[in-house]
Amino acid sequence: MRQALAEPHAITVTPQPSGFGAEVRGLDLSRPLPDEALAEVKAAWARHAVLAFPDQPLSLEALEAFTQAIGPFGHDPFIAPMPGHPNVLELRREADEKATNFGAGWHSDWSFQAEPPAATLLRSQVVPPVGGDTLFADCAAAYEALTPAFQALLAPLKAVHSASLAYGTKGVFARETEKRTMKIIVSPEADKTQAHPLVRTHPITGRKALYVSPVYTRGIEGMTHAESAAILKFLYEHMTQDQFVYRHKWRPGMLLMWDNRCTVHFAEGGYDGHLRVMHRTTVAGERPV
Ligand code: SIN
């Protein structure tokens with residue numbers, strides 16, 4: 001079988017200036033990766049959290065195969081998968097859609113699950129000529145920038161996560177009146193809650209990271225709404241400051257792989273009148289600690 005790397009050490013990893021995010025070249029992800037190349041990709045992913053692989057016009061089958069090389073598929077609730085591809089979501093917004101674009105709020109994917117996905121992979125199929133960037137915030141760097149006193153305050157806290165604001169029976173999608181191409185499944189299941197450490201430790205790097213988001217975090221265990229809202233508001237403003245944010249600009253046939261354990265992301269709009277089509281998979285993760 002032909003493999004993805006013709007010669008050893010052909011991979012180049014070019015970090016973004018802050019070190020958060022990197023671009024990876026020298027691989028053909030449409031073929032199986034040799035073990036050493038896969039190890040290099042995983043090491044770069046642990047180090048930079050958001051990896052962009054330009055010029056990878058992968059078929060859905062190749063996207064599935066590369067995802068499974070990283071790890072087993074995660075479970076994607078509340079969105080109908082692509083026909084014949086139960087682990088691939090199509091994030092599609094037609095040129096005439098007026099509904100808010102999918103993912104337009106800071107979040108870490110499916111953080112309301114007991115074992116949220118470690119990775120999300122997103123491959124661009126159709127990229128609009130304007131807008132449609134994806135923003136990522138470095139939640140490890142944001143944590144490390146807090147004072148030791150504030151870190152100590154956060155250390156014992158557990159945040160309560162739920163999908164209710166988005167996918168619940170009274171959530172944003174349930175109340176939507178505009179046409180949406182993506183098939184969203186509103187469900188009472190979305191109102192379930194799941195507590196996770198507010199600061200989680202990355203299983204590979206050992207770095208601590210803030211693990212909260214305005215889309216899925218509903219409060220802090222043992223605190224009043226006012227108390228937790230004040231802390232969370234501060235954290236959201238803190239972690240999404242420019243110094244912690246990488247803005248990803250898409251080109252067609254690009255694959256992005258991010259680490260949900262130490263980042264949050266935000267899908268920017270600004271492309272009304274243009275089609276945008278992306279294909280997304282997730283890799284299963286572990287219970288946050
Ligand atoms: C998401 O997975 O939240 C969507 C990201 C994007 O479409 O840019």
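We did not get these values from a lab; they are worked out from the coordinates using the rules stated. Bear in mind that the values here come from a model prediction, so they are computed numbers and not experimental data. When we count neighbours, we look across all protein chains shown, and the Cβ atoms used for this are built from the backbone with ideal geometry, even at glycine.
On full extension of the chain, what length is gained from Asp272 through His75, given 0.36 nm per residue of separation minus the C-alpha to C-alpha distance?
67.9 nm
What FRET efficiency would be calculated for the residue pair Glu178, Val126, taking the C-beta separation as r and a Förster radius of 22 Å, to the nearest 0.05?
Result of the calculation: an efficiency of 0.60.
So if each residue of separation counts as 0.36 nm, and I subtract the Cα-Cα distance between Val289 and Ile204, what length gain in nm does that give?
The Val289-Ile204 span can extend by a further 29.4 nm.
For Arg251 and Ala43, compute 0.36 nm times the residue count separating them, minus their Cα-Cα distance, and round to one decimal in nm.
Value of the extension gain: 72.4 nm.
Using only helices, what value at 222 nm comes out for the chain when you add -39,500 (n - 2.57) per DSSP H run of length 4 or more and divide by the total residues, to the nearest 500 deg cm²/dmol?
-5500 deg cm²/dmol
To the nearest 0.05, what FRET efficiency results for Gln241 and Thr193 with a Förster distance of 22 Å applied to their C-beta separation?
Efficiency computed from Cβ-Cβ geometry: 0.20.
Which FRET efficiency value, to the nearest 0.05, is calculated for Leu153 and Ile185 with the Förster distance at 35 angstrom and r the Cβ-Cβ distance?
Efficiency, from the Cβ-Cβ distance: 0.40.
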